Each structure stands twice: as structure tokens, then as C-alpha cells.
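First up is the structure itself, then whatever we jot down about it.
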Number of protein chains: 2
Amino acid sequence: MKLKELAKSLGLSPTTVSRAINGYPEVSEATRARVMAAAQRHDYQPNPRAKALATGQSMAIGHVIPLATRHEMVNPVFADFIAGASEIYAREGFDIHLTVVSDEGEEKAYRDIAAKGSVDGIIVHAPRANDGRIALLSSVGLPFVVHGRATGIDAAYNWVDVNNRRAFRRAAEFLVDLGHRRIALVNGLETMEFAMRRRSGFVEALTARGIEPDPDLMLSDEMTEQYGYQSAKTLLARADPPTAFLCSSMISAFGIRRATDEAGLKLGRDLSLIAHDDDLSYLQNGADDPIFTALRSSVREAGRRAATILIDQIRNPGPPVHDLLEAEFLVGRSTAPAPHPARALNA
Amino acid sequence: MKLKELAKSLGLSPTTVSRAINGYPEVSEATRARVMAAAQRHDYQPNPRAKALATGQSMAIGHVIPLATRHEMVNPVFADFIAGASEIYAREGFDIHLTVVSDEGEEKAYRDIAAKGSVDGIIVHAPRANDGRIALLSSVGLPFVVHGRATGIDAAYNWVDVNNRRAFRRAAEFLVDLGHRRIALVNGLETMEFAMRRRSGFVEALTARGIEPDPDLMLSDEMTEQYGYQSAKTLLARADPPTAFLCSSMISAFGIRRATDEAGLKLGRDLSLIAHDDDLSYLQNGADDPIFTALRSSVREAGRRAATILIDQIRNPGPPVHDLLEAEFLVGRSTAPAPHPARALNA
DNA sequence: TTCGCCAGCCAAAGCGCTTTGGAAAATCTC
DNA sequence: GAGATTTTCCAAAGCGCTTTGGCTGGCGAA
């Protein structure tokens, strides 16, 4: 069923039908009702491509999700982020245009999307320091929101981020308060902004408490289970093993748990672990009785916020907006006072 | 840069330029070269909406990913499936159109997509028995490929699936061969086809070996970590706990591991566990030294296959095609002979 | 030399919708 | 009740591309 047919069947012009459907005031309420009823009856769906061509609006948002070349890994948080964003999109009538692209092709992917004009806005995932995409998109004039922030960019832009630095500072302080002195940071890839910020928060906390951060205890890689396992295994084999771990991901935290179990140690007794928890739907830390003491911040909520900002900027462009979410700190069963704090310190 | 401008700058008609770019034979190779060079130089990207409107082809594939209403959970395998599919899409010039929809809205979502004609084909995820979507899409005439199969559908259709039944039969047989008699099945939601098939394979194996499947040992739910944990905890607390677990997901397997650790049992010694491993990029079971004995089947590869079939069917429609993948069986460190097989049997 | 043919190009219509610039009908003003 | 508005509708152009149906000029055949 096309607009023209609908119009003919009603004895109206396409113009009037179009206006009736799109809520323009130039049609009487009587005919609008008639048109709407007919549209309903015939299950009329305007062809979005024709509409887009005529209006210049595609009613679609682009998401470019990076495929880490090293392990061809797609970050598991995307699914939840997009689920959150799409709640908003669905309500507002936007579609999602997905592009999966490996690191090298990334810039070109953005450039192409902008040139083809197939979306009204873009969400930028996983920013790095001095991220070139931000300048690129700004110059093109396509509205965009960054999930995260990028240092080294002068111009203002829209972003939604978690206060990673504060969260990790707080977690580290908590561990120090429990008497831990040798604390390992099992961080994400520190080419990523969020990982850099987490590291600075961690370092800040230690330094503020007079503890010299030990580079050997600060690891950085893609956050897989294996990475957590290997890291913990290696660190625990040291002569002076850490007594606590701060880990950037629940998945890697499971790896750490596996290594500690193998070593015959018990989390929350012999060893402490705090994990960052993105509150993924399939990897719940548990509400009432958290598995891990954790910094919780819903990536789905971040998706909702980012989508809201983006749509708002598309509809009425204005000065850049940002939204800084604070992570919740949940004390679970994976943390405990340091085993021999006094002895270790006074030795 | 638009086609018309390009044409003018070359002193050619839009017709000729269009034909040159799209490889039609009516233009001389000389002018084609000239056009291509100019297109390159001006970074000309044809407007996909205009193209789609004119040709009726949108060069986009729809993915409708279901949001399980119960826990608002988005299945973690989608990210990898789509990563695999998009390798093919990118090569062939297709875009991905994503729709996230909760169970109730699903049928309408498909209907709308078909009516709006915004995609050339669809991938159907997570089929259920007698899945209505298959009849719907068939009647609409939109090419589609199902990731999985649905019993109760007479008509043939395109699908890509893992031989879940055989895989689970084999795993169960392996456990029985190790002397296990009380084996628990920690399965996915059995409204899903794949879970039903896994269960039948499991039941078949036990029955064939003269073991009566115990309904109390067969669980079914969404495959979260918590689910694995709770299931194992409950089952291990029984008077006659199982000596082995067969689990439908790596994530739930981690939960099972957590429960067994808590109970002071060691996997691969006191208790056996086989997990189904979708070979997710961020949840590797480990190639050389698998954490779990596992049935491995790459969901990313399934994505590639599905995309290939779909594009092929879009280009030259033909009789339905399917592709049945076999899961690899990997013996890892989580399985061992049953603790007291002889005694238990001869008692 | 004339004709026919074909390679190579172009004008214009059309994809399904929106939107500008009227025009007719209805309402208001005095 | 005539003119001035306002309401309600419509015809047609246009979004950027493809594609049908010519048209032209150069070539070989007769």
C-alpha cells in the first residue's frame, strides 16, 4: 500500500494524506481522522527510504563497533549498551545502523557513513586518547555522542561516561583501609581512555596514602577470562604476591577467581578482589549478595543516556552536553582485611 | 558530491556516469576509466537511500534481536554472531539494520520490517518450537535465514544450526563412560529449540545406556552465572548429589564452578563438568589447555555461514539451504571418572 | 555511394514520499 | 451582501539515483 493508492481510495490528494499523517495543521480534523482510519485499516507503512530521500532525515542512528584486531574480540558490553540505547530509539522511531569494523578501517568507516548520509547521528564507542574520530565527525557536522571521553581533544563534544577515576580511587582507598599494601591492578587495554582513567584513580589513591605504586603490579590487556587467570597466576607466584586485586572487568575477575582457587586461596579471606561491574544482563553480580565487592555502573543506562542526548541534539542542535555517571560501590564477599598487615608493615 | 554534479564536471550525462560506475557495458572503457577516476578524486559516494528507492534494493540485512523479558537479558552470543556475519556483509556491501525487541513485540517488529521494506533479508535469532515468525516471513516473501531450527514447521526454510542433539548425546555418553550415573543437565530455556534438542540428546544417551533420566536433575533457565551457581548449589546439597554436570553455557559453567569451589569440591577430581562453548571472543575456553571439557562450536562461524546463505538467496533465490555444524568435543581438565563407580553400581 | 548496424551516449520518466505555491471553498467583517 | 480572510485542499516540483527508450555518428557490407 503506497501513499498514492491510499489517497486515491480516499478521494484525496497525496498531499493531503501526507499532511494528515504527519500531523500538519493544514487538514481538517475530520479528514485527518478519516485518513488515519484508512491508514490503519490498510496497514499503511510509509516507505522509509522515500521518506528519507524527501526529508533528508534517515531516522537512523549509526553505531560503529570496533573489533579489536588482536584477538578479534568484540567487547561484551556493546550488546547491553545497545539494548539500553534501543529502548530510547524504539520510542522515538529511530533505527540502528550497525557497522563492525576492525581497528584499521575505523576512520574510513566513519568517513563513509558521513559521506553517504545514511544516518542522522552516530555513537562513538571506546574512545582513545586524541581520538581522531572526534575531530572527523565534528568537521563533518554529523551529530554524535561519545561513550567515554578522550583527553587531548580541545573542542567540546557530547559524551556520556562513568567517573572511572573516582571509582577506582575509591576502590583502591577501600583496599588500603583494609590494610592492603600490595595491590594489583588488572586493567583493560590502556590505549583506551577508560582504562587510563582507572589507572590514574588507582595510582592517585595509593600515592595519597603514601604507597609507592609498583609497576609490576599494574597490568593492562584485553579483558578476557584468560587474562584474569594468567595475571593472577603469575602475580601469585611471586615472592611478594599482592594481597588484593582491583580488576576492570567481571569476566577477568572470574579468571582471577579461578587462579586463586587453584592456588588454594579463598577470596574474601586470603585474598581480596574488587571488580568493575558493568551490570550486564547475563553476568549479574547479584543484588542482595554480591559475589564480588564491586564498582557497579550500568552500561545499559549509559546507552539510554547517550541515545537520549543524541536524539535531542539531532532534533535541536545546541551546545555540547555531557553526562558523568557515578559508579555505585558495593561491598560483597570478595574483600577482607589484609592477612598480616601489621607484620608486613613492621617487619 | 552528487551524481549530477559529477556528470556535469565531466561533461557527461548522469545516465552515462551511473552506468560507468555500476559496470554496465554501454559505456566505453575509456570514459569508464575517466568517470572512475573523477569519482575517486571527488570521493563520490552514491546516496544509498536514493539508490535504494530507485532499485528497490536496500543493501541492508535486518537482525531482530530478542530481549528476554524475564531478565531483560540480551543473549551474549549475539555480539559474536553479528561480528561473524558482518565479515561477510562488509565484503559484499551490505549494512546491518538492528532491532532490539522484547518478546511480545516480536511478531509486529517482523511485520513492520517487511512492510517497510527497509531490508533485503532477515536473520531470525533464537527460534522456538512452532515459531510463528517463519510462516510470517515466508508469506511475506522476504528472504531469511534462521539461526537454529524450529520443529513443527512443515515448510522448508534456510537455516544454520549446530547439531546440538548429537553434541549433547556425545557429551552425556562420555560422562557415562567415565562411570557417572547421576548426571545433571543445566540447560538453557527449554522454550528455545536449541535447548530442547540438547535435552533430547542428553536423555537419549542416558536411556541408551539403561539409565533412567531423573527429572530433578534436569534444569532449564536463562543461562546466567547466577543460574549455574544456584543450580549447582541446590543440587549439591541433595542427599544424592550428581557426580557430573552437563551445562549449556560457559557463563553458567562459571557459576557451577563457583558453587563447587564453595562446597570444597574440585572440578576434574570430585566432580565432572562439561560445558557448551560458543567460542566467544571474550570468553575463550583456552585452546591448548581447556578450562572445561567442552563442546565447542563457534557462533561466529555460524554467523558467517548464515550471512553467506542469506546473501546468496537474496541474489539468486532458490530452494532453501541449510547448514548443520558439528560441535567439536574437547577434553579438558574438568572431567574425571566418577568417584565410586564400582561401589555405586554393585552396591 | 548508400544503407544498415552497432557502439556510445543522452533525455526523461520514475522510485514513494514531502513541500512549495497556489486555488477553491468556507468563514468573517462591516 | 460584497470584500477580506481563513480554512482546506491540490498540482507539481523535487529528493538523488536508475533505467527505458531513443538518438547520433562511424563503420562495414553490398
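Quick note: the coordinates plus some simple rules give every number you see, no bench work behind them. Since the model is a prediction, treat every value here as computed from it, not as a measurement. Positions of Cβ are backbone-derived with ideal geometry, glycine not excepted, and every protein chain shown enters the neighbour counts.
Of note:
- Derived scalar couplings between HN and Hα for the stretch A:148-154 equal x, 10, 10, 6, x, 9, 6 Hz in order, rounded to whole Hz, by the Karplus curve 6.51 cos²θ - 1.76 cosθ + 1.60 (θ = phi - 60°), x for Gly and Pro.
- 28 Å Cα-Cα reach of residue B:233 towards lysines, excluding residues that sit fewer than 8 places from it in its own chain: A:233, A:266, B:266
- Computed from point charges on the beta carbon alone (+1 for Lys and Arg, -1 for Asp and Glu), the dipole magnitude for the stretch B:3-46 about its Cα centre is near 80 Debye.
- Partners for residue A:2 among lysines (Cα-Cα distance below 19 Å; same-chain residues under 8 apart left out): A:51, B:51, B:116
- Cα-projected label distance for residue A:2 with residue B:26, points at 7 Å along beta-carbon direction, nm: 2.1 nm
- Amide H partners (placed H, <5 Å) of residue A:247, local residues excluded: A:186, A:274, A:275, A:276
- With at most 13 other Cβ atoms within 10 Å, longest stretch of chain A clear of loop GluC sites (Glu not before Pro) (DSSP): A:27-325
- Rg/Rg_globular for the stretch A:3-46, with Rg_globular taken as 2.2 N^0.38 Å and Rg from C-alpha atoms: 0.97
- Rounded to the nearest Hz, the phi-derived 3J(HN,Hα) couplings of the stretch A:280-297 under the Karplus curve 6.51 cos²θ - 1.76 cosθ + 1.60 (θ = phi - 60°) are 5, 4, 9, 9, 5, 7, x, 6, 6, 10, x, 4, 10, 4, 8, 9, 9, 8, where x marks glycine and proline.
- The stretch between residue B:324 and residue B:33 holds 100.3 nm of extra length on full extension. This uses 0.36 nm per residue minus the Cα-Cα distance.
- Rounded FRET efficiency, nearest 0.05, which uses the C-beta distance separating residue B:59 from residue A:13 and R0 of 35 Å: 0.60
- For the stretch B:105-163, size of Cβ-based charge dipole, Lys and Arg +1, Asp and Glu -1, in debye: 80 debye
- Residue exposure sequence - B:125, B:42 - by fewest surrounding Cβ within 10 Å: B:42, B:125
- Counting only DSSP H runs of at least 4 residues, each contributing -39500 (n - 2.57), and dividing by the residue count of chain A, the helix-based mean residue ellipticity at 222 nm comes to -13500 deg cm²/dmol.
- Mean projected area (nm²) of the alpha-carbon convex hull when the protein assembly as shown is viewed from all directions: 36.3 nm²
- With Cα atoms defining each centre, the stretch A:175-222 and the stretch B:138-210 are spaced 46 Å apart in the structure.
- The stretch A:35-111-the stretch A:9-24 distance, computed between alpha-carbon centres (Å): 28 Å
- Dipole magnitude of the protein assembly as shown about its Cα centre (Cβ charges: Lys, Arg +1; Asp, Glu -1), debye to nearest 20: 1140 debye
- Largest-first principal axis extents of the Cα set of the stretch B:138-182 (Å): 52, 17, 13
- For residues of B:69-82, the mean tally of beta carbons on other chains within 10 Å: 5
- Ranking of A:288, B:240 by neighbouring Cβ atoms within 10 Å, starting from the fewest: A:288, B:240.
- Label 7 Å beyond Cα on the Cβ vector: residue A:216 copy-to-copy distances, nm: 5.3
- Rg in Å to one decimal, and Dmax rounded to a whole Å, for chain B via C-alpha atoms: 25.5, 95
- Alpha-carbon centroids, the stretch A:268-303 and the stretch B:246-283: separation in whole Å: 19 Å
- As a ratio to 2.2 N^0.38 Å, the alpha-carbon radius of gyration computed for the stretch B:87-192 takes the value 1.38.
- For residue B:102, the point set 7 Å out from Cα toward Cβ sits 3.9 nm from its twins in the other copies, listed from shortest up.
- Karplus-derived 3J(HN,Hα) values for the stretch B:170-186, using 6.51 cos²θ - 1.76 cosθ + 1.60 with θ = phi - 60°, are 4, 4, 5, 4, 4, 5, 4, 4, 7, x, 6, 10, 9, 10, 9, 10, 9 Hz; glycine and proline are entered as x.
- Near residue B:266, the amide H atoms lying under 5 Å from its own belong to B:271; only residues 5 or more places off or on other chains count, and H is placed 1.01 Å from N.
- Annotation for residue A:331, label-to-label distances across the other copies: 4.8 nm (shortest first, one decimal, point 7 Å from Cα along Cα→Cβ).
- Residue A:107/residue B:177 FRET efficiency (R0 45 Å; Cβ-Cβ; nearest 0.05): 0.25
- Computed Kirkwood radius, in angstrom, where 1/r is averaged over Cα pairs of the stretch B:27-151: 16.6 Å
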